[in-house]
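The structure appears right after this line, and notes come after that.
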Amino acid sequence: KRLILVGPPGSGKGTQSPIIKDEFCLCHLATGDMLRAAVAAKTPLGVKAKEAMEKGQLVSDDLVVGIINEALEKPSCQKGFILDGFPRTVVQAEKLDEMLERRGVKVDKVLNFAIDDAILEERITGRWIHPASGRSYHTKFAPPKVPGIDDVTGQPLVQRKDDTAAVLKSRLEAFHKQTKPVIDYYGKKRIVANLHAEKPPPEVTAEVKKVLS
Ligand code: AP5
Ligand code: ZN
């Protein structure tokens, strides 16, 4: 399947992705994860993206369109993919349509992680991630077996630099101004499925499976 996950910061896109990936596609492309890896490796892309990310603003359309266009060539992404955090502007959505048209494919479903803003601060400030795999935990809602340690690799967990209450405000503003119109864009194509993203993770997973089966 070819899927897009859209929703505000902390709505659960990254949490549901590995489960969807295992069951419905082989390919998970998260622009946020790719950009964070580029920032950590200080690549030219990372250097360009760093400042906007730390302020909670979107990086330029050209940068993210370029990384997605390249990633879609991966052999593992030929039969299906999950786009997590992309497209986030209407321009990105239009560019994606062009990229897919060139490849003769189209998006099957857009999963909209609908949730009230008020819930998100607690989710964001309690999140700990394993940078190498993208796995995320939560001190209260999804604690690791050993605090501060990844269950699978035993490596240390870290907090994202943009996971503060102050930066969350900018990220939410960007979501409402720039990304909400993307949901309308796909709504007109009648491929949006609305999820109750405020529910516990297993219930959200069940909704996703119902939509996709
Ligand atoms: P990105 O990494 O995409 O961040 P985001 O959209 O803000 O989303 P998050 O990763 O914060 O949330 P999530 O929905 O994945 O939540 P998670 O499942 O981890 O982007 C970061 C930055 O990169 C952007 O600000 C921008 O600068 C740049 N960028 C990226 N893509 C771009 C693009 N296309 N264009 C331009 N710029 C771009 O869950 C959060 C926490 O809650 C976790 O701790 C988790 O354990 C917990 N949790 C999850 N689900 C539940 C649940 N159901 N109940 C209770 N707790 C839960
Ligand atoms: Zn994420």
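Derivation of every value follows stated rules applied to the coordinates shown; laboratory data play no part. Small disclaimer: the values here were computed from a predicted structure and weren't measured. So basically every Cβ, Gly included, is an ideal-geometry build from the backbone, and we count neighbours across all protein chains shown.
Annotations
- Pairwise label distance in nanometres, Lys1 with Lys55, each label 7 Å out on the Cα-Cβ vector: 3.7
- Cβ-based charge dipole, the stretch 40-126, positive-most Cα from Ile115, Gly85, Leu72: Leu72
- Extension gain for Ser76-Lys42 works out to 9.6 nm (0.36 nm per residue, less the C-alpha to C-alpha distance).
- Sum of -39500 (n - 2.57) over DSSP H runs of 4+, divided by residues of the chain (222 nm, nearest 500): -13500 deg cm²/dmol
- Test item: Cα-centred dipole of the stretch 83-127, Lys/Arg +1 and Asp/Glu -1 on Cβ, debye: 260
- Sequence-distant contacts, meaning Cα pairs under 8 Å at least 6 residues apart, place the relative contact order of the stretch 21-71 at 28 percent.
- Annotation for the stretch 63-165: chymotrypsin sites (Phe, Trp or Tyr not before Pro) lying in DSSP loop with at most 12 further Cβ atoms inside 10 Å of their Cβ do not exist.
- Charges were assigned to the Cβ only: +1 to each Lys and Arg, -1 to each Asp and Glu. The resulting dipole of the chain about its Cα centre is roughly 260 debye.
- Tail beyond 23 Å, pair distance distribution of the stretch 1-118 (Cα, percent): 28
- An oblate overall shape is assigned to the stretch 141-212, the ratio a/c of its alpha-carbon gyration tensor axes (a ≥ b ≥ c) being 1.5 or greater and a/b not exceeding b/c.
- Look at the alpha carbon pairs under 8 Å that are at least 6 residues apart: their mean separation over the length of the chain gives a relative contact order of 31 percent.
- Diffusion coefficient (Stokes-Einstein, Kirkwood radius over C-alpha pairs, 10 °C, 1.306 mPa s) for the chain: 91 µm²/s, rounded to a whole number.
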